[in-house]
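The values are calculated or read from the model by the stated rules, or taken from the named source; none is laboratory data. It should be emphasised that the depicted structure is a prediction, and the values quoted were computed from it without experimental measurement. We place every Cβ from the backbone using ideal geometry, glycine too, and count neighbours over all the protein chains shown. What goes into the accessible areas is simple: the full protein's heavy atoms, side chains included, and nothing from ligands, DNA or RNA. Shrake-Rupley method; radii C 1.70, N 1.55, O 1.52, S 1.80 Å.
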Amino acid sequence: MKTLILYATQYGFTADCVQTLSKKLAGEVTTADLQKEKAPDINGYDSVIVGGSVYMGRVQEEVKAFCAKNADALAKKNVGLFLCCGLPANFHQHVENAFPAALVQKAKAVACFGGELRMDRMKFLHKTLAKAMSKNAAELPKLNPQAIDEMADTMNAV
Ligand SMILES: Cc1cc2nc3c(=O)[nH]c(=O)nc-3n(C[C@H](O)[C@H](O)[C@H](O)COP(=O)(O)O)c2cc1C
């Protein structure tokens, strides 16, 4: 079983989730950051997992563009989708905005891995927004390790 994980990240939380997930997946796993490298040809893989992080309700443009451009090829794969976000209550809305409906429907797993506000790494505007977000939030965003485990189990079972 060969799995490709394609992702985008702003401050590294999503990349850390991808590392954790890749260690839990059976078989050969390749990862690629869509903002830094060209995605490998997905035809060489049995499963393709795609995800990114949410900023102001939107996932990175590279994630959206990849899913739109490769819709036909993805339709032939075992697909997993995930998002990292600070407001899991809005997860379904985020998924709707991030991925084509047909892809969501055919995905074996659609998961929210939680989020983290990495203030020390943020550029000024993001830090200001993140501070406001934390002030109003009942609790700070955090990792959902169970969601990563569940996606690994689901993808390992296909
Ligand atoms: C400026 C800013 C805007 C954000 N907007 C949203 C949002 O609209 N919805 C949400 O659920 N999370 C939002 N988040 C939380 C991020 O999705 C979360 O911090 C995530 O872990 C970032 O992952 P990354 O480091 O891989 O980019 C925002 C965070 C920042 C700093």
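Which of the numbered conditions does L87 fail, given that it passes all the others? Conditions: (1) surrounded by 15 or more Cβ atoms within 10 Å (Cβ to Cβ); (2) at pLDDT 95 or above.
L87 satisfies every listed condition except (2).
Looking at (1) open to solvent by 80 Å² or more (accessible area, probe 1.4 Å); (2) within 16 Å of the ligand (Cβ to nearest atom); (3) at pLDDT below 95, find the lone condition where Q35 falls short.
All conditions pass for Q35, except number (3).
Which residue, of T3, T20, T14, is touching a residue at least 40 places away in the same chain (Cβ under 8 Å), over 24 Å from K127 (Cα atoms) and open to solvent by less than 20 Å² (accessible area, probe 1.4 Å)?
Checking each option against the conditions leaves just T3.
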